[in-house]
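Participant: The structure is given below, and queries will be raised subsequently.
The values are calculated or read from the model by the stated rules, or taken from the named source; none is laboratory data. Predicted model only: the values in this text are computed from it and were never measured. Cβ coordinates were reconstructed from backbone atoms using ideal geometry, including for glycine residues, and neighbour counts include every protein chain displayed.
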Amino acid sequence: MEFNTAKKFGLGGAVLMILFWPVGILLLLKFLSYLAQVYGERRIFNYMLYWLALTVLLPLLLLFLAFILSVQMPDVSVPLSALLFFLAFFVLPVFGCFLFYKSMSLLASKSNINHFKISGLLILIGAVFIGAALMVSVLVGVVFGEAAFEKAAFILSFVGPVGGVMVIASFIVLAIAFYKLKPPVTLPTSVQT
């Protein structure tokens, strides 16, 4: 695959992550697989696969498991469902976004374009904001009741959207980084003196 053609996959993937993320993820993974080969750093692609598993696939599996437990064992399922909810909406996505940050940091160091690292940092901070808003609102509602939940939801209704804006901004910065990306310079294998 030619570098400029592959670059269009990455640029399109970053833009589509904002508009239609399933297609964006596939294009992004395709381009990052290519870049991992070009730069000889397989971790760029591997960290992105782990990010996908930890932020999309495993949380869906945990939520399905929590649903099954609540139907099968209603008495035991409340604390266990709360734990699974905490894992699915805070721990796994934040750790997954940390791996996204690591992937983008590696790509920034290999390509000398710091926008990749900034994009990774923005998505990590956005994930913390969104996860914190979800977890605090649920915990306040469960522990203190409906009246406290309404007050907490009003305050946290600002925190979650800030995280969402940061995630969107991260993919805009990622698109800019892909646009700035140049083919790597290949050095001659032998230098004659």
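Participant: Looking at segment 9-33, which of the residues that are buried (at least 20 other Cβ atoms within 10 Å of the Cβ) and among the aromatic types (Phe, Trp, Tyr) is farthest from Gly96 (Cα to Cα)?
Facilitator: Top of the filtered list is Phe9.
Participant: Does Val94 fit the bill of being at pLDDT below 80, of a type in the set (A, V, I, L, M, F, W, C) and either within 26 Å of Val165 (Cα to Cα) or in a helix (DSSP H, G or I) (or both)?
Facilitator: When the stated conditions are applied, Val94 does not pass them.
Participant: Further question on the same structure: Collect the residues in segment 9-33 that are without any contact (Cβ under 8 Å) to a residue 24 or more places away in the chain and of a type in the set (Val, Ile, Thr), keeping them in residue-number order.
Facilitator: Result: Val23, single match.
Participant: Here is a list: Tyr34, Tyr47. Which entry is hydroxyl-bearing (Ser, Thr, Tyr) and under 17 Å from the mean Cα position of the chain (by Cα)?
Facilitator: Testing whether each residue is hydroxyl-bearing (Ser, Thr, Tyr) and under 17 Å from the mean Cα position of the chain (by Cα) leaves just Tyr47.
Participant: Name, by its number, the condition in (1) outside any helix (DSSP H, G or I); (2) touching a Gly at 6+ places or on another chain (Cβ under 6 Å) that does not hold for Glu41.
Facilitator: (2)
Participant: Considering only segment 129-158, how many residues are crowded, with 18+ Cβ neighbours inside 10 Å and at pLDDT 75 or above?
Facilitator: Total meeting the criteria: 5.
Participant: Considering only segment 116-125, I want to know if a residue exists there that is at pLDDT below 90 and of a type in the set (Gly, Ala, Ser).
Facilitator: no
Participant: Would you mention how many residues in segment 67-91 are modelled with pLDDT of 80 or more and of a type in the set (Val, Ile, Thr)?
Facilitator: Of the residues in segment 67-91, 2 are modelled with pLDDT of 80 or more and of a type in the set (Val, Ile, Thr).
Participant: Sticking with this structure for a sec: From the list Ala53, Ala6, Ala88, Ala36, pick out the single residue that is touching a residue at least 12 places away in the same chain (Cβ under 8 Å), more than 21 Å from Ala133 (Cα to Cα), among the small types (Gly, Ala, Ser) and crowded, with 18+ Cβ neighbours inside 10 Å.
Facilitator: Ala6
Participant: Based on this model, can you work out whether Ile130 counts as under 17 Å from Gly164 (Cα atoms), of a type in the set (Val, Ile, Thr) and touching a residue at least 40 places away in the same chain (Cβ under 8 Å)?
Facilitator: No.
Participant: Now, a different point. For Ala82, are the conditions met, namely being touching a residue at least 60 places away in the same chain (Cβ under 8 Å), out of contact with any Asp or Glu (no Cβ under 9 Å at 6 or more places or on another chain), small (Gly, Ala, Ser) and more than 20 Å from Leu124 (Cα to Cα)?
Facilitator: Working: touching a residue at least 60 places away in the same chain (Cβ under 8 Å): yes; out of contact with any Asp or Glu (no Cβ under 9 Å at 6 or more places or on another chain): yes; small (Gly, Ala, Ser): yes; more than 20 Å from Leu124 (Cα to Cα): yes.
Answer is yes for this residue.
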